[in-house]
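Written below as structure tokens is the structure these notes are about.
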Amino acid sequence: MGVAPYFSITGGDPLLYSLIWDVLDLIHRKGIGFTILGNPFHLTSEKTERLRNLGCVSYQMSIDGLEKTHDYLRKPGSFRATLSALPILHKAGIRSMIMSTAIIAAVVMRFLPAQQVIFLTRTRNVGDADLNSDGTK
């Protein structure tokens, strides 16, 4: 049938795993491509070049809203770190992917005016009467 194996490697930040380069080298020697699902904090030009040379096709990071929301949910500075990693990946020839996690209404309420939350919930068939002022049902 001709289906090629492919790995998606995740786990917080796979680049912190002590044997990650050994694992990626083994995958590379088997001719298998892979994607890393990680974060931007340990990406450097040298590491992205090494990832590309070992067969990394794409690197996925998260952005969970605008800067204030994202940093609240993840950690301070992670929004800008993610944006800063994009050109590093691009230069190495690794496709960047951004994943966004749906967040609960209570968190949305903290950052958006109530009118915007009511509009957003109506567009998703959730009535504004279903939400308390703190964003809970």
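The values are calculated or read from the model by the stated rules, or taken from the named source; none is laboratory data. Note that this is a predicted model, so its numbers are computed, not measured. Every residue, glycine among them, receives a Cβ derived from its backbone with ideal geometry; neighbour counts consider all protein chains shown.
For region 17-61, give me each residue that is of a type in the set (Val, Ile, Thr), surrounded by 15 or more Cβ atoms within 10 Å (Cβ to Cβ) and over 14 Å from Ser96 (Cα atoms).
Ile20, Val23, Ile27, listed by residue number.
Quick one: Ile20 ticks every box in (1) modelled with pLDDT of 95 or more; (2) over 24 Å from Ser78 (Cα atoms); (3) among the β-branched types (Val, Ile, Thr) except a single one, so which number is it?
If we test Ile20 against (1) modelled with pLDDT of 95 or more; (2) over 24 Å from Ser78 (Cα atoms); (3) among the β-branched types (Val, Ile, Thr), just (2) comes out false.
Take the residues of region 67-80 that are surrounded by fewer than 18 Cβ atoms within 10 Å (Cβ to Cβ) and touching a residue at least 12 places away in the same chain (Cβ under 8 Å): which is farthest from Pro5 (Cα to Cα)?
Here the answer is Lys68.
So in region 87-105, with the set limited to residues that are modelled with pLDDT under 95 and in a loop (DSSP other than H, G, I, E, B), which one is farthest from Leu16 (Cα to Cα)?
Ile104
Within region 36-66, restricting attention to residues that are hydroxyl-bearing (Ser, Thr, Tyr) and either over 15 Å from Leu89 (Cβ atoms) or under 12 Å from the mean Cα position of the chain (by Cα) (or both), which residue is modelled with the lowest pLDDT?
So in region 36-66, the residues hydroxyl-bearing (Ser, Thr, Tyr) come out as 44-45, 48, 58-59, 62.
Keeping just the survivors that are either over 15 Å from Leu89 (Cβ atoms) or under 12 Å from the mean Cα position of the chain (by Cα) (or both) gives 58-59, 62.
Values: Ser58: 96, Tyr59: 97, Ser62: 90.
If we take residues in region 36-66 being hydroxyl-bearing (Ser, Thr, Tyr) and either over 15 Å from Leu89 (Cβ atoms) or under 12 Å from the mean Cα position of the chain (by Cα) (or both), then Ser62 is modelled with the lowest pLDDT.
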